[in-house]
Amino acid sequence: MTRSTYPDWIYDGSPIPDPLGCGERAVRFLRSLKHPKSGKAFQLDPWQERTVRRIYGPRKEDGSRIVRTVVLLLPRGNRKTSLAAALGLLHMIGPERVPGGEVIMAASDRKQASIGYNEAKALCLAHPKIAANIRTLDYRNKLVFPKVGSFMEAISADAGTQHGRTPVFVLADELHAHKKRDLWDVLRSGLVKTPGSLLVVATTAGRGQENIAWDIVNDARKIARGEVDDPSILPVLFEATKDDDWTDEEVWRRVNPGLAHGYPDIEGLRQMALEGTRRVGDREAFRQLNLNIWLDHATDPFVEMSVYDEGGGEVDLDDLETSQEPCWLGVDLSSNSDLTCVVAAWRDGDGYQVWPWFFCPEDRLRERGERDQVPYPAWADDGMIIPTPGNVVDFRKVEDHIRELCARFYVQEVAFDPHLGRVMMANLTEDGLPVVEMRQGWVTMAPAVKELERAIIGRRFRHGGHPVLRWNVENIEIQTDSAGNRMFHKGKSRDRIDGAVAAAMAVARAAAGDSNRSSYDGDIGPVEEWGYA
């Protein structure tokens, strides 16, 4: 397991600067809280205490806190919500409080928000002196400290607009589950209004890379590895890697700091791991939630995305235009809600270079992005998606773009599934362009899928790191027929795989063009499947 992002400072006994005693003050406050069930002092284990001291101790020359953001990546069962709730109280009623201070616990939905609120409320009610000095507003998930006018409120991303907030402390709880970034953006912009504000991101690992949590955690990884210098962000990352043996209890103990102190339950982990050896879904849930392994989006992925990412080298379109290397286009035309995609493929030794062009309706671009939970507007701004006027893809724009590609590159074939493409195929054929029919059934696409898989796994598929194509490939689920043939399938209704389909078409035609063999060679199956009968 890589140690490059592991928080060794938690265990190495190294001194943590605390020139003003703020770290010690924070620890003393947390220890003064009472456990809701036992009434004993709040359990602040050594790994938690070191984390608290690292947040509040180090100071700038002017006395202000250095750390402004904490990224706490912890597997489920390690009491991250309890710690985060206690930190929120530190800013509401403790020594970090300010008059009128807003402490916000932001969750993905109302149920998750109530969990954080109930945790903080229980800590308050367990301490007689604190309980006598706060007001509880359960109908709003809100605690109020009238003495200074500060309050803690648990809100959710599905509760509508939260503009106007001026928080001094924000807990972004289980950020990987936030479906939209609206609440995140509002609270982040509100934090900068208040000097000395603190953001704590407390989350388990998620799935896929097209979300806020991946961006934040991956940035924290760069800081932990020393690739980025930003002392305002404190990464506390307990995570295994995809290469780690998920059944190894030493791995469990390393990434679950609470195990040394009795939580989570080791016997419970053993049982879940045992069941995971029998059921793929349980295994993946164990790896994600109990070992913090960030998984690919699909539950049964087409390829390992870490392998796919090795093909992120530059695709130089200008050079390919100048050299006039043979080029094959695969076109996947969409229904109203899907993306339309044109992918160009060039032979590159015994592999391929590809580049996609995606088209999406311009109207309600942000709404579509929220539906699919990906940043369509940002991709459009970056030129990764071509918006077309209206609320459906304008096929005329796609057709004109194909003409431009044929004028620019040495295009050998333009492959279409005729299901939605007959009109466009006829128009382009009339212009003398090399249109070919490539139906998206098992007989044709199974060999195409196999060729694309072979190229990716063989590290012979260069895609330039195009983010929309990556998202499409990550969405792929695989269907296998009785003969072992494999086909693409969308995992969820909102998932898009159009770019992956077009890439498989383009690669298959490039392979056929290079070897003078047809994608249709061999048994083509019952003619009824293709509507010829």
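The values are calculated or read from the model by the stated rules, or taken from the named source; none is laboratory data. Since we're looking at a predicted model, the values are computed, not measured. Using ideal geometry, Cβ is built from the backbone for each residue, glycine included, and neighbour counts are taken over all protein chains shown.
Results, tabulated for the structure shown:
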quantity: Among (1) among the β-branched types (V, I, T); (2) closer than 17 Å to S197 by Cα; (3) not in a strand (DSSP E or B), the one test that I16 misses; calculated: (2)
quantity: Given (1) in a helix (DSSP H, G or I); (2) buried (at least 20 other Cβ atoms within 10 Å of the Cβ), number of the condition R188 does not satisfy; calculated: (2)
quantity: Some residue of segment 148-168 being closer than 23 Å to P75 by Cβ, hydrophobic (A, V, I, L, M, F, W, C) and touching a residue at least 24 places away in the same chain (Cβ under 8 Å); calculated: yes
quantity: Inter-residue pairs, beta-carbon under 7 Å, first surrounded by 14 or more Cβ atoms within 10 Å (Cβ to Cβ) and in segment 294-313, second in a strand (DSSP E or B) and at pLDDT 90 or above, 6+ apart; calculated: G311/F461; G311/R462
quantity: S4 being under 35 Å from the mean Cα position of the chain (by Cα) and hydroxyl-bearing (S, T, Y); calculated: yes
quantity: Boolean, D372 is among the acidic types (D, E) and either outside the structural domain of F409 (by TED's automatic domain parsing) or more than 23 Å from the chain's Cα centre (by Cα) (or both); calculated: no
quantity: Subset of segment 315-353 (residues that are in contact with a strand residue (DSSP E or B) (Cβ under 8 Å, 6 or more places away or on another chain), acidic (D, E) and surrounded by fewer than 19 Cβ atoms within 10 Å (Cβ to Cβ)); calculated: E325, D348
quantity: Restricting segment 229-279 to residues that are in contact (Cβ under 8 Å) with a residue 40 or more places away in the chain and polar (S, T, N, Q), the residue that is farthest from R65 (Cα to Cα); calculated: T241
quantity: Failed condition for V236, given (1) at pLDDT 95 or above; (2) more than 19 Å from H176 (Cβ to Cβ); calculated: (2)
quantity: Output for segment 126-157, where each listed residue is over 24 Å from G190 (Cα atoms), loosely packed, with under 15 Cβ neighbours inside 10 Å and touching a Pro at 6+ places or on another chain (Cβ under 9 Å); calculated: N133, R135
quantity: Count of segment 210-228 residues which are touching a residue at least 12 places away in the same chain (Cβ under 8 Å), not charged (D, E, K, R) and not in a helix (DSSP H, G or I); calculated: 1
quantity: Some residue of segment 203-215 being within 30 Å of V98 (Cβ to Cβ), surrounded by fewer than 18 Cβ atoms within 10 Å (Cβ to Cβ) and out of contact with any Pro (no Cβ under 9 Å at 6 or more places or on another chain); calculated: yes
quantity: The one condition in (1) modelled with pLDDT under 95; (2) in contact with a Cys (Cβ under 9 Å, 6 or more places away or on another chain) that R59 fails to fulfil; calculated: (1)
quantity: Failed item in (1) closer than 30 Å to W214 by Cβ; (2) in a helix (DSSP H, G or I), with T429 passing the rest; calculated: (1)
quantity: Residue list for segment 419-449, filter: exposed (fewer than 15 other Cβ atoms within 10 Å of the Cβ) and aliphatic (A, V, I, L, M); calculated: V423, A426
quantity: Scope segment 1-21; condition under 10 Å from G57 (Cβ atoms) and touching a residue at least 60 places away in the same chain (Cβ under 8 Å); matching residues; calculated: none
quantity: Residue that is surrounded by 17 or more Cβ atoms within 10 Å (Cβ to Cβ), over 31 Å from the mean Cα position of the chain (by Cα) and not assigned by TED's automatic domain parsing to the domain that holds I212, where the choices are L469, L452, L405; calculated: L405
quantity: Residue match in segment 62-80 (condition: in a helix (DSSP H, G or I), touching a Leu at 6+ places or on another chain (Cβ under 9 Å) and surrounded by 22 or more Cβ atoms within 10 Å (Cβ to Cβ)); calculated: yes
quantity: Residue satisfying condition, being part of a loop (DSSP other than H, G, I, E, B) and touching a Pro at 6+ places or on another chain (Cβ under 9 Å), within set R439, R459; calculated: R439
